[in-house]
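Reviewing the structure listed below.
Just so it is clear, none of the values below were taken in a lab; they were calculated from the coordinates. Remember, predicted model here, so these are calculated numbers, not experimental data. As a convention, Cβ positions derive from the backbone with ideal geometry for all residues, glycine included, and neighbour counts pool all protein chains shown.
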Amino acid sequence: MDKENKKTILNILTSSGLLSKEQSDEVLSKENLIRSRIIKSNELKGQVVRRGRAVHADISIIDVISLMNLPVDGKSNTYVTEEVVMKEIAGHLGIKFIKIDPLKLDSDVITKIISRPYALKHKLLPIALSGNHLTIATSNPFEHESIDRISQSKGYDIEVVVSNKSDIVKIVTEFYGFRSSIAAAEDELASNVDIGNLEQFVKLKSISELADTDQHIINAVEYLLHYAYSQRASDIHIEPKREHCLVRFRIDGLLHNIHKMPKAVYPAFASRIKTLSRMDIAEKRRPQGGRIKTSQDGKEIELRVSTLPVSFGEKIVIRIFDPTILMQNINDLGFSKREGELFGDFLSAPNGLILVTGPTGSGKTTTLYSALKTLSTEDVNLTTIEDPVEMICEDFNQTSIQPQIGITFASSLRTILRQDPDIIMVGEIRDLETADNAIQSALTGHLVMSTLHTNDAPGTITRLLDLGIAPFLINASLIGVVAQRLVRKVCSNCAEEYTLSEGECRMLGLNYDEDKKNNVNIGTGCNQCRGTGYFGRTGVFEVMEISDTIKAEIESKSSPEKIRQVAKNEGYTMLKENAVKVLLEGRTTVDEIVRVIGV
Ligand SMILES: [Zn+2]
């Protein structure tokens, strides 16, 4: 971006009141310093950077401004970010600003119209093509030549929109990286082989298969994984179809189509993933499971891979386990103050049984792993029995049950006791034998943690009694019960105030007061949350301590209702009440409470 543009941009920002004259001068005086800092930090991140003027020129004045984190003139809470600047420039020039949603892009449109170097050099991204009408996003709307050239050479009728440079660069890197790797791999396979054509199919079989060690295939897999992390995907689905192979990501619970890859490349692609996860690449008819440990932005990420032979080949699903989600600080899980303290007390007990309950997907594993992480110190032996091991953590001694060869939760527990453990985590108590062994371990000086499939904390007592555990054994071993659910959090980027209706208040057990409005937040949907209005999830808990009064109720085999009533007198609050607290804090919605907890 040349000097002239720099002046224009600063003028736009000062005349619109985003920057004061002083701030604008500050930008100019610190410009070179900040450029050097950006280069330095890119070098630290291991990016290949060319030294000298070329690199300096690639960092625009907008990059400098957004890195300076300047408050909008006269305001304290809003900052002049890249997006603020781009929107202002777009408005000034009368061009539309678009925040690009990569999941809505067609990778064919992007990668076939201009080359990657051209896109990167001019910070351009073709984002939509309908008929002859091409939409191009640019982060440098002052420069027309690069866009004119596309229109001249390809004859498109071009609409220009403005977007953030950081988004453009990221998408160009990921889309072109994946696409060009796949295309290069396909070329090596003697291009344009039509799998549907029998003659060519026979020819393809005679060509030696593209090896999974091929650099293009390695790159393609790498790009795909990076892209999945950056899109916060929880699962990657790779599905062979008749003509092609479909790649989809699950993000916030929903699947999105990401790429289509030629069928010819698929075997090598699948082999590469199978090799990485230490599966048998020759075995294609039986389902397999494996793991990959990789790192992303300096943190280790665990991938659990499974294959399933389907009509057109092997379907691969890669589940992504993010340790920052699976192993959190206990205080970040979503406990209220009282519950958090109680749970902390449970964990500091030298021995006994702690149970975490809730349906599948309610975050029990996260609670257990996070608790184990706090407990794992040099002076204790911590062992887990899981089905299967969720995420490998070096500090724990983890074993998987294998029922087909007789290794069950119950039998593993017996074996583990010979290994001098201090803390034992049993994945799940499903039967009397496991429950019995867990209680015996708790009674013989071990801290035992496990999960149970019940809806709430009082129900856990009934479940143990139903399994056939004597009340005195429950009383002697059980320290406390945690019941939990996960609710989606309102997206902070598009949150708006919402007043609860009288009906909603009644449903939630709140006092309706027309004057004192019950205001909460609701997400209206934006790019950041993919239009859902939600971003991330938080736990909602109920924690019940097995106090002496509760013990008396257990002794007389009271109903869950009776136990709940007694617990309430001691300060216990139910899941729903705690969820309503989260609602009133503006962090979740009524719909979400109804969906997850019911009313
Ligand atoms: Zn949003």
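A few notes on this one:
- Legend: helices of the chain (whole DSSP H runs) are marked when their alpha-carbon atoms reach 20 angstrom or more along the helix axis and their mean Kyte-Doolittle hydropathy is at least -0.5; marked are 165-188, 215-230.
- Cysteines without a disulfide-compatible neighbour (Cβ-Cβ under 4.7 Å), the chain: C245, C393, C505
- Between the range 56-126 and the range 504-539, the Cα center-to-center distance that results, in Å: 32
- Under a model in which nothing but the beta-carbon of Lys, Arg (+1) and Asp, Glu (-1) is charged, the range 102-163 shows a dipole of about 240 debye around its Cα centre.
- Estimated D of the range 314-437 in µm² per second, where Rh is the Kirkwood radius over Cα pairs and Stokes-Einstein applies at 10 °C, 1.306 mPa s: 101
- Mean separation of Cα contacts under 8 Å (6+ apart) over length of the range 249-342, as relative contact order %: 16
- Sorted largest first, the spans of the alpha carbon positions of the range 467-568 along the three principal axes are 54, 34, 19 Å.
- Taking amide H as placed 1.01 Å from N in the peptide plane, V356 has its amide H under 5 Å from the amide H of S450, T451, L452, V482, each at least 5 places away in sequence or on another chain.
- DSSP bridge orientation in the chain - percent antiparallel, rounded to nearest 5: 65
- Across the options T78, I113, A90, the greatest Cα extent toward the positive end of the charge dipole of the range 57-153 (unit charges at beta carbon of Lys, Arg, Asp, Glu) belongs to I113.
- For the range 102-163, the share of DSSP beta bridges that are antiparallel, to the nearest 5, is 50%.
- Relative contact order of the chain, defined on C-alpha pairs under 8 angstrom at six or more residues apart (%): 8
- Nonlocal amide H pairs with D106, under 5 Å, H built at 1.01 Å: none
- The packing ranking of peptides 405-411, 457-463, highest mean first, is 457-463, 405-411, where packing means the average number of other beta carbon atoms within 10 angstrom of each residue.
- Principal axis dimensions, largest first and in whole angstrom, of the chain by Cα: 86, 75, 48
- Global form of the range 277-363, assessed from the alpha-carbon gyration tensor, a/c cut-off 1.5: prolate
- Among 175-181, 388-394, 532-538, the peptide with the highest mean count of other Cβ atoms within 10 Å heads the list, and the full ranking is 175-181, 532-538, 388-394.
- Loop-located GluC sites (Glu not before Pro) across the range 473-530 with a Cβ neighbour count of 11 or fewer within 10 Å are E514, with loop assigned by DSSP.
- The range 102-163: relative contact order in percent, alpha carbon pairs under 8 Å with at least 6 residues between: 29
- Checking the cross-link pairs K112/K284; K87/K517; K6/K165; K3/K96; K30/K165; K7/K104 against a 26 Å limit on the alpha carbon distance flags K112/K284; K87/K517; K7/K104 as lying beyond it.
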